[in-house]
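Student: This is the structure I want to talk about, given as structure tokens.
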Amino acid sequence: MARAAGRKADGERDGETVGAPSDGRVFSIRRLGLMSFRNYAGLSLRLDGRHVCLHGANGAGKTNLIEAVSMLGPGKGLRGAALPDLVRASRDADRPSGWAISADIDDGGHARKINVALEVDDVGRTKRSSQLDGAAASQSDLAELVRIVWLTPAMDRVFAGGPGDRRRFFDRQVLAHTPSHGQAATRYEAAMRDRNALLERGGADASWLTALEARMAEFGAQMALNRVDTLRRMRAAIDTRPDGAFPKADLELEGRIEQIAADAGDLTAVTEAFAGLLRSGRSRDAAAGRALEGVHRTDLSVVHRPKGLPAAQCSTGEQKALLIGLILANAHALFGRDFAPNPLVLLDEAAAHLDSDRRAALYDELSALGGQAWLTGTDRGLFDAFGARAQRFEVSAGEVRES
Ligand SMILES: Nc1ncnc2c1ncn2[C@@H]1O[C@H](COP(=O)(O)OP(=O)(O)O)[C@@H](O)[C@H]1O
Ligand SMILES: [Mg+2]
């Protein structure tokens, strides 16, 4: 039922078959291999395609394992850690210099293979290398194949934190829909840094400034349009989700460029408008030492709909429930989009904070979604309500066994 709602939420679907079998598991990890990753010396974990529940004591390696899963997509993974920090620390003389993750994927009946590794060259420089089915792949190649949404305890601070926290949270959701969003953001920030430096030097060459502003405007406009698109999809998914365990949220993007993007809707118009704002803001920005207008300042407003209260004023438990609702809504929005397989949903320590009814509702909703969810918790009993819909594993000191 929930899946039907998820499909209806995507107004642009054109009737192309999603290819979902009746159990809905069209995208799942069937084997996860780790080498020298965090507290794992080596691991080969076989999975049957059901949801994956990891239980074990604090410090056992549960979060490390789903962090490894998150590295199969683009970017830094769910802790945002620097790549070398993921190398297994060891006192041995021959301590490893890199790490590797491999995954066998079932993508709608097609077997795919992903390898991601940290490589270190002769002079000690590190880089991430990725392969898809044995051939070199870019991060956007991976992003096209692996759609991931996640919720971690660190996100609990998102409503109390600054706009940057909420912007990063939202951009993560956007990235799952639009893999090129990350690259647009990188290029936008690079152009902005160059413009800031040029303005700081003063007496700048106007044509050079105009060129940098054109780049900022183009990539910023792209970002704003991506964000507005994801916002629209998430809102639609929120509206079609059942009322119940997780409160609905009213979402707004607070940013001038997103406003223009929502009104104008096409890249050229938004780019021109943004470039005009940058040009007219030069002296103000030079005085401030940074760009005061742009997509790098956008905030996400989240209101608890049933209460009509801004999320920041909600209780910790209500905020957690809102966040779970948002992640589920985005998973719904991603589900059944014609270009992409179902998203993986990674929920770190989410179950422990819920009462048993909400836990059951969460598992029902995850099961209806049709993706593969990975959950962590200290106690095996937290996952009882999954019944036969999940595999359970006990994690202990970097070892994993089915329980
Ligand atoms: N690079 C690393 N090398 C070895 N151990 C690490 C590394 N990074 C983190 N750890 C260890 O991994 C352990 C498990 O972490 P984590 O997965 O967060 O546990 P939990 O099961 O509580 O989620 C911690 O004891 C941490 O010190
Ligand atoms: Mg943990």
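The values are calculated or read from the model by the stated rules, or taken from the named source; none is laboratory data. Just so we're clear, the structure is a prediction, and the values are computed from it rather than from any experiment. In this analysis, Cβ positions are derived from the backbone assuming ideal geometry, glycine residues included, and neighbour counts consider all displayed protein chains. Heads up: the accessible areas ignore ligands, DNA and RNA and are worked out on the full protein's heavy atoms, side chains in. Shrake-Rupley method; radii C 1.70, N 1.55, O 1.52, S 1.80 Å.
Student: Can you confirm whether ARG125 is within 16 Å of ligand 1 (Cβ to nearest atom), over 27 Å from ARG233 (Cβ atoms) and free of Cβ contacts under 8 Å to residues at least 24 places away in the same chain? Lay out the reasoning, then the answer.
Tutor: Working: within 16 Å of ligand 1 (Cβ to nearest atom): no; over 27 Å from ARG233 (Cβ atoms): yes; free of Cβ contacts under 8 Å to residues at least 24 places away in the same chain: yes.
Criteria not met by ARG125.
Student: Please go through the stretch 48-82 and pick out each residue that is assigned to a loop (DSSP other than H, G, I, E, B), open to solvent by less than 40 Å² (accessible area, probe 1.4 Å), aliphatic (A, V, I, L, M) and more than 12 Å from VAL400 (Cα to Cα).
Tutor: Passing the criteria: MET71, LEU72, LEU78, ALA81.
Student: Still on this structure, I have one more. Listed residues ARG358, ARG389; which is open to solvent by 30 Å² or more (accessible area, probe 1.4 Å), in contact with a strand residue (DSSP E or B) (Cβ under 9 Å, 6 or more places away or on another chain) and not acidic (Asp, Glu)?
Tutor: Working: ARG358 fails: in contact with a strand residue (DSSP E or B) (Cβ under 9 Å, 6 or more places away or on another chain).
The conditions single out ARG389.
Student: May I pose another question? Can you tell me how many residues within the stretch 279-320 are part of a helix (DSSP H, G or I) and open to solvent by less than 10 Å² (accessible area, probe 1.4 Å)? Write out each step before concluding.
Tutor: Narrowing the stretch 279-320 to residues part of a helix (DSSP H, G or I): 279-280, 282-288, 295-297, 311-313, 316-320.
Checking which are open to solvent by less than 10 Å² (accessible area, probe 1.4 Å) leaves us with 285, 295, 311.
Here the count works out to 3.
Student: Something else about it: Please list, ordered by first then second residue, the pairs with beta carbon atoms under 6 Å, 6 or more apart or interchain, first in the stretch 179-206 and open to solvent by 60 Å² or more (accessible area, probe 1.4 Å), second outside any loop (DSSP other than H, G, I, E, B).
Tutor: Listed pairs, sorted by first residue: ARG187/PHE219; ASP194/LEU212.
Student: Considering the stretch 83-119 alone, what residues qualify as being within 14 Å of ligand 1 (Cβ to nearest atom) and surrounded by 13 or more Cβ atoms within 10 Å (Cβ to Cβ)? Spell out how you get there, then give the answer.
Tutor: Restricting attention to the stretch 83-119, the residues satisfying the condition of being within 14 Å of ligand 1 (Cβ to nearest atom) are 83-92, 95-101, 118.
LEU83, PRO84, LEU86, VAL87, ARG88, PRO96, SER97, GLY98, TRP99, ALA100, ILE101, LEU118, listed by residue number.
Student: Provide a single number: the residues in the stretch 59-76 that are within 9 Å of ligand 1 (Cβ to nearest atom) and either in contact with a Lys or Arg (Cβ under 8 Å, 6 or more places away or on another chain) or more than 23 Å from TYR363 (Cβ to Cβ) (or both). Explain how you work it out, then say what you get.
Tutor: Step one: of the stretch 59-76, the residues within 9 Å of ligand 1 (Cβ to nearest atom) are 59-67.
Restricting the remaining residues to those that are either in contact with a Lys or Arg (Cβ under 8 Å, 6 or more places away or on another chain) or more than 23 Å from TYR363 (Cβ to Cβ) (or both) gives 59, 61, 63-64, 67.
Of the residues in the stretch 59-76, 5 are within 9 Å of ligand 1 (Cβ to nearest atom) and either in contact with a Lys or Arg (Cβ under 8 Å, 6 or more places away or on another chain) or more than 23 Å from TYR363 (Cβ to Cβ) (or both).
Student: Let me ask something else about it. Going through ILE238, ILE260 one at a time, which residue ends up being open to solvent by 30 Å² or more (accessible area, probe 1.4 Å) and in a helix (DSSP H, G or I)?
Tutor: Exactly one of ILE238, ILE260 is open to solvent by 30 Å² or more (accessible area, probe 1.4 Å) and in a helix (DSSP H, G or I), namely ILE260.
Student: Name the pairs: first residue in the stretch 55-67 and under 20 Å from GLY381 (Cβ atoms) and more than 8 Å from ligand 2 (Cβ to nearest atom), second residue in a loop (DSSP other than H, G, I, E, B) and hydroxyl-bearing (Ser, Thr, Tyr), Cβ to Cβ under 8 Å, at least 6 apart or on different chains?
Tutor: Here the result reads HIS55/THR378; HIS55/SER403; GLY56/THR378; ALA57/THR378, each pair linking the stretch 55-67 to a residue that is in a loop (DSSP other than H, G, I, E, B) and hydroxyl-bearing (Ser, Thr, Tyr).
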